[in-house]
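Undergrad: Have a look at the structure that comes next, please.
The values are calculated or read from the model by the stated rules, or taken from the named source; none is laboratory data. Note that the coordinates shown come from a computational prediction; the quantities given were computed from them, not determined experimentally. Cβ placement follows ideal geometry from the backbone for every residue including glycine, while neighbour counts extend to all protein chains displayed.
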Amino acid sequence: MTNSVLIRQEGGIGHITLNRPAALHALNFEMCAAIRAALRTWAVDDSVYLVLVDHADGTRGFCAGGDIVMLRDSGRADGAEARAFFAEEYRMNALIKSLPKPYLAIMDGVTMGGGVGLSVHGTDRIATEHTLFAMPETGIGLFPDVGGGWFLPRLGGELGTWLALTGARLKGTDTVAAGIATHFIPSELIPNLKVQLASADFSVGAAELLAVILRNVARPIPTAGFAAHMDEMNSCFAGDSAEDIRDRLLGSASPWAQAQAAILMQKSPETVKVALRQLRLGAGCASFAENMAMEYRIGWRKVQSHDFIEGVRAVVVDKDHAPRWHPDRLEDVSPAQVDTYFAPLGTDELVLDP
């Protein structure tokens, strides 16, 4: 058992605490395996009524993502370790989504990539003033995985497309307004909330009781910072072509649209096109499992792609923030090149827990 995640049962609550502070609690294979094993047990354990996920007291972040340096190192070799990680992580995501009990994530800090997958698929998600959400994968040549193809297109309008393609960040109350978090609770009230949860009897009507407790502690949220741009966002990010989205942004006179165009053109052109295809297909998926199978196909190949290996080098390893994308223009990424990421894997397809 890894010490990077602390798993225990306290009364009727299954408690998962991320405990890898030096990496802002970024997930690795052992953490995902431990969480997955706990969820499988608690799903059928009649003495567990609620699952609570948080991070170690006194540490920063909630979960900054996954171990992308390991993914890059694996991709530069045979990719096997990276693919094993994706399989374990995606199975964990699917268990969170299908858990037949309330699942409460306290997103008190940086919540990106894998941390989003650990929280957004649960029934209840708390944001605080410290919450910082993003799916920044297009900036490192990866893609918005961990169920991004499922939840992002199901946010309001083209909000998910904007978040996925630009890697835009949302803070605090804006994550609730977006539908990523379900409640806003100031961080100073979290210790008291945990006391209330520990003393509550969830043996009957756990979901209903949790809803009452959260409603009594949660605070109202102001108008979202992105609200003023929603009409233009919905117009500019509505197309199925990345070139069309870019051109609509460039054709707008608004400073906001011009800024989004500039950001978009800094991202990996190949990954922007893959992510856009992922979201459009994910919107039509009949089940979460179908979406995760699609994402596994992408991830299987993306870890060995030039842009992912180069993106992690530029942003995380050398930190020169000057990735050399190939191709370096959207127009030079062919539909056939994008198609390769979505092709079936045959006997290597992702198999979820029954």
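Undergrad: Looking only at the range 186-200, decide whether some residue is surrounded by fewer than 24 Cβ atoms within 10 Å (Cβ to Cβ), modelled with pLDDT of 95 or more and either of a type in the set (F, W, Y) or under 13 Å from the mean Cα position of the chain (by Cα) (or both). Give the steps one after another, and end with the answer.
TA: So the first thing to find is which residues in the range 186-200 are surrounded by fewer than 24 Cβ atoms within 10 Å (Cβ to Cβ), and the list is 186-200.
Now restrict to residues that are modelled with pLDDT of 95 or more: 186-200.
So of that shortlist, the ones also either of a type in the set (F, W, Y) or under 13 Å from the mean Cα position of the chain (by Cα) (or both) come out as none.
No, the range 186-200 contains no residue that is surrounded by fewer than 24 Cβ atoms within 10 Å (Cβ to Cβ), modelled with pLDDT of 95 or more and either of a type in the set (F, W, Y) or under 13 Å from the mean Cα position of the chain (by Cα) (or both).
Undergrad: Please enumerate the residues belonging to the range 115-143 that are closer than 11 Å to V53 by Cα and either surrounded by fewer than 24 Cβ atoms within 10 Å (Cβ to Cβ) or hydrophobic (A, V, I, L, M, F, W, C) (or both).
TA: Within the range 115-143, L118, G122, D124, I126 meet the criteria.
Undergrad: In the range 164-205, how many residues are closer than 15 Å to P222 by Cβ and of a type in the set (K, R)?
TA: Of the residues in the range 164-205, 1 are closer than 15 Å to P222 by Cβ and of a type in the set (K, R).
Undergrad: Could you please give the count of residues in the range 250-288 that are among the hydroxyl-bearing types (S, T, Y) and either in contact (Cβ under 8 Å) with a residue 40 or more places away in the chain or touching a Gly at 6+ places or on another chain (Cβ under 8 Å) (or both)?
TA: 2
Undergrad: Looking only at residues that are closer than 29 Å to E188 by Cα and in a loop (DSSP other than H, G, I, E, B) in the range 60-98, which one is farthest from the chain's Cα centre (by Cα)?
TA: Residue satisfying both the conditions and the ranking: R60.
Undergrad: Restricting the range 211-233 to residues that are assigned to a helix (DSSP H, G or I) and under 24 Å from the mean Cα position of the chain (by Cα), which is nearest to A261 (Cα to Cα)?
TA: Once the filter is applied, the top-ranked residue is M233.
Undergrad: Also, I was wondering about something else. So which residues in the range 88-117 are out of contact with any Ser or Thr (no Cβ under 6 Å at 6 or more places or on another chain) and farther than 24 Å from R169 by Cα?
TA: The answer is E88, R91, M92, A94, L95, S98, L99, P100, K101.
Undergrad: Keeping to the range 159-205, report how many residues are outside any helix (DSSP H, G or I) and not charged (D, E, K, R). Step through it out loud before you land on a result.
TA: Residues of the range 159-205 outside any helix (DSSP H, G or I): 167-172, 179-186, 200-205.
So of that shortlist, the ones also not charged (D, E, K, R) come out as 167-168, 170, 172, 179-186, 200, 202-205.
Of the residues in the range 159-205, 17 are outside any helix (DSSP H, G or I) and not charged (D, E, K, R).
Undergrad: Just checking, does the range 35-50 include any residue being basic (K, R), in contact (Cβ under 8 Å) with a residue 60 or more places away in the chain and not in a helix (DSSP H, G or I)?
TA: The answer is no; no qualifying residue exists.
Undergrad: Among the residues of the range 289-314, how many are of a type outside the set (F, W, Y), part of a helix (DSSP H, G or I) and either closer than 13 Å to E270 by Cα or in contact with a Gly (Cβ under 7 Å, 6 or more places away or on another chain) (or both)? First the steps, then the outcome.
TA: Of all residues in the range 289-314, those of a type outside the set (F, W, Y) come to 289-295, 297-299, 301-307, 309-314.
Narrowing further to those that are part of a helix (DSSP H, G or I): 289-295, 297-299, 301-302, 306-307, 309-314.
Still in the running and either closer than 13 Å to E270 by Cα or in contact with a Gly (Cβ under 7 Å, 6 or more places away or on another chain) (or both): 291-292, 294-295, 298, 301-302, 306-307, 309-311.
Summing the residues that are of a type outside the set (F, W, Y), part of a helix (DSSP H, G or I) and either closer than 13 Å to E270 by Cα or in contact with a Gly (Cβ under 7 Å, 6 or more places away or on another chain) (or both) in the range 289-314 gives 12.
Undergrad: I need the full set of residues from the range 289-304 which are among the polar types (S, T, N, Q) and either in contact with a Phe, Trp or Tyr (Cβ under 7 Å, 6 or more places away or on another chain) or without any contact (Cβ under 8 Å) to a residue 12 or more places away in the chain (or both), in order please.
TA: Taking the range 289-304 first, the residues among the polar types (S, T, N, Q) are 291, 304.
If the condition is that a residue be among the polar types (S, T, N, Q) and either in contact with a Phe, Trp or Tyr (Cβ under 7 Å, 6 or more places away or on another chain) or without any contact (Cβ under 8 Å) to a residue 12 or more places away in the chain (or both), then N291 is the only one that fits.
Undergrad: Another one. Could you list, in sequence order, all residues of the range 213-243 that are within 30 Å of K194 (Cα to Cα) and small (G, A, S)?
TA: First, pick out the residues of the range 213-243 that are within 30 Å of K194 (Cα to Cα): 213-225.
Within the range 213-243, A218, A224, G225 qualify.
Undergrad: Of all residues in the range 228-245, count the ones that are of a type outside the set (A, V, I, L, M, F, W, C), touching an Asp or Glu at 6+ places or on another chain (Cβ under 9 Å) and over 18 Å from S334 (Cβ atoms).
TA: Residues that pass the stated criteria total 2.
Undergrad: Oh, and also: Kindly indicate whether D54 is charged (D, E, K, R) and touching a residue at least 40 places away in the same chain (Cβ under 8 Å).
TA: Judged against the criteria, D54 is a match.
Undergrad: Filter the range 213-233 for residues that are exposed (fewer than 11 other Cβ atoms within 10 Å of the Cβ) and within 30 Å of Q9 (Cα to Cα) and give the result.
TA: Residues satisfying the conditions are R215, N216.
Undergrad: For the range 234-270, how many residues are surrounded by fewer than 21 Cβ atoms within 10 Å (Cβ to Cβ) and either under 21 Å from the mean Cα position of the chain (by Cα) or not in a helix (DSSP H, G or I) (or both)?
TA: Total satisfying the criteria: 11.
Undergrad: Going through V351, V316, V338, V312 one at a time, which residue ends up being surrounded by 14 or more Cβ atoms within 10 Å (Cβ to Cβ), under 27 Å from R36 (Cβ atoms) and among the β-branched types (V, I, T)? Please lay out each step first, then the result.
TA: Values: V351 fails: surrounded by 14 or more Cβ atoms within 10 Å (Cβ to Cβ); V316 fails: surrounded by 14 or more Cβ atoms within 10 Å (Cβ to Cβ); V338 fails: under 27 Å from R36 (Cβ atoms).
So the residue among V351, V316, V338, V312 that is surrounded by 14 or more Cβ atoms within 10 Å (Cβ to Cβ), under 27 Å from R36 (Cβ atoms) and among the β-branched types (V, I, T) is V312.
Undergrad: If you check D78 against the conditions, is it among the acidic types (D, E), over 19 Å from G113 (Cα atoms) and without any contact (Cβ under 8 Å) to a residue 12 or more places away in the chain?
TA: Yes.
Undergrad: Taking M112 and the conditions (1) surrounded by fewer than 17 Cβ atoms within 10 Å (Cβ to Cβ); (2) touching a Pro at 6+ places or on another chain (Cβ under 7 Å); (3) closer than 26 Å to L350 by Cα; (4) not hydroxyl-bearing (S, T, Y), which numbered condition does it fall short on, given that it satisfies the others?
TA: (1)
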